[in-house]
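Participant: First the structure, then my questions, so here it is.
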Amino acid sequence: MADDPLAKFRSTAPTPARAAAKEGSDRGGGLPSYLAFDAKDRTKRLQIRRVMAAFNIPAYSHLLTIIPDGWHGTELGLIYSFQIVKIKGRNLQPITDAIEKEKCSFIQDYDPRFFAPPQPDQPLIEAIEIVMKDGLGDKE
């Protein structure tokens, strides 16, 4: 079988997010580890996973701008041509960086009923709100 000519360009090292999830796998009384996001090779879509709502998987090609709250890392806005995604949490800077590079494959909110708590220094998404351009989205 021929060698993969692109193998040297693929990242096989664990991302900080994956490493943190693996380290925290014994926390939370048998619940799976929480992972706020995952970054990998460039991806075409961002999967927005909400624990108690439908997933949303928009293409990066529709992402118009990213609005972080500076160095605070507590809020992040994603403006698409057809929706706005409002993200609130803590330590969101790595998520912002991954989305900016189009390497973030998913983001997901945290719910203690479904996930073990993450380490205090790891990203945590408390809420994801999606507001559709036509008004069909989350209700406030």
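The values are calculated or read from the model by the stated rules, or taken from the named source; none is laboratory data. No experiment lies behind these values; they were computed from the predicted model shown. Cβ atoms come from the backbone with ideal geometry, glycine included; neighbour counts cover every protein chain shown.
Participant: Looking for whichever is closer than 22 Å to Pro32 by Cβ, in a strand (DSSP E or B) and either polar (S, T, N, Q) or modelled with pLDDT of 95 or more (or both) here; the options are Ile84, Ile66, Ile79, Ile48. Which one fits?
Facilitator: Just a single option satisfies the conditions, and that option is Ile48.
Participant: Of all residues being in contact with a Ser or Thr (Cβ under 8 Å, 6 or more places away or on another chain) and in contact (Cβ under 8 Å) with a residue 60 or more places away in the chain in region 85-106, which is nearest to Thr74 (Cα to Cα)? Just the residue, please.
Facilitator: Cys104
Participant: Between residues in region 32-53 that are of a type in the set (Ser, Thr, Tyr) and residues that are part of a loop (DSSP other than H, G, I, E, B), which pairs lie under 7 Å by C-beta distance while being six or more apart or on different chains?
Facilitator: What qualifies is Ser33/Phe115; Tyr34/Tyr110; Tyr34/Phe115; Tyr34/Pro117; Tyr34/Pro118; Thr43/Glu102; Thr43/Lys103.
Participant: Of all residues in region 69-93, count the ones that are under 20 Å from Asp41 (Cα atoms) and either out of contact with any strand residue (DSSP E or B) (no Cβ under 9 Å at 6 or more places or on another chain) or charged (D, E, K, R) (or both).
Facilitator: Result for region 69-93: 0.
Participant: Kindly establish whether Ile130 is in a strand (DSSP E or B), touching a helix residue (DSSP H, G or I) at 6+ places or on another chain (Cβ under 8 Å), in contact (Cβ under 8 Å) with a residue 40 or more places away in the chain and crowded, with 17+ Cβ neighbours inside 10 Å.
Facilitator: no
Participant: While we're here: Among the candidates Thr96, Thr43, which residue alone is touching a strand residue (DSSP E or B) at 6+ places or on another chain (Cβ under 6 Å) and either among the small types (Gly, Ala, Ser) or not in a helix (DSSP H, G or I) (or both)?
Facilitator: The unique qualifying residue is Thr43.
Participant: Going through region 31-56 one residue at a time, which ones are surrounded by fewer than 13 Cβ atoms within 10 Å (Cβ to Cβ) and farther than 19 Å from Ala127 by Cβ?
Facilitator: Across region 31-56, the qualifying residues are Pro32, Asp41, Arg42, Lys44.
Participant: Among the listed residues Ala21, Ala2, which satisfies the condition of being modelled with pLDDT under 95 and either crowded, with 18+ Cβ neighbours inside 10 Å or under 11 Å from the mean Cα position of the chain (by Cα) (or both)?
Facilitator: Only one candidate qualifies: Ala21.
Participant: List the residue pairs whose Cβ atoms are under 8 Å apart, where the first residue sits in region 107-126 and is more than 19 Å from Met52 (Cβ to Cβ), the second is surrounded by 14 or more Cβ atoms within 10 Å (Cβ to Cβ) and of a type in the set (Phe, Trp, Tyr), and the two are 6 or more positions apart or on different chains.
Facilitator: Pairs that qualify, where the first residue is more than 19 Å from Met52 (Cβ to Cβ) and the partner is surrounded by 14 or more Cβ atoms within 10 Å (Cβ to Cβ) and of a type in the set (Phe, Trp, Tyr), are Pro123/Phe37.
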